[in-house]
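Q: First, the structure itself, so that you have it in front of you.
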Amino acid sequence: MHQLVGRLNSLDPQASETLRIVSYFDVLIARNAGLDGLLRGAAVLSGTVAGARVRGG
């Protein structure tokens, strides 16, 4: 996967970044990350605050 990202980066940097983000969340899901982990990942990747309002919890 890393080789694919490297080759894609030379062809299309934006597509490479998109693939990196998808891969990041694929790993979180594969490791059974909960909502907190997914939000933390979104915050780190976006460089901003991320949150969720959970109803009926």
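The values are calculated or read from the model by the stated rules, or taken from the named source; none is laboratory data. Just so it is clear, the model here is predicted, and its values are computed rather than measured. Quick reminder, even Gly has a Cβ in these numbers, built from the backbone with ideal geometry, and neighbours come from all protein chains shown.
Q: I'd like the full set of residues that are farther than 25 Å from A52 by Cα and part of a helix (DSSP H, G or I), limited to region 7-41.
A: Selection gives R7, L8, N9, S10, L11, P13, Q14, A15, S16.
Q: Can you confirm whether region 13-24 contains a residue that is modelled with pLDDT under 80, over 14 Å from the mean Cα position of the chain (by Cα) and surrounded by 10 or more Cβ atoms within 10 Å (Cβ to Cβ)?
A: Yes, there is a match, as at least one residue in region 13-24 is modelled with pLDDT under 80, over 14 Å from the mean Cα position of the chain (by Cα) and surrounded by 10 or more Cβ atoms within 10 Å (Cβ to Cβ).
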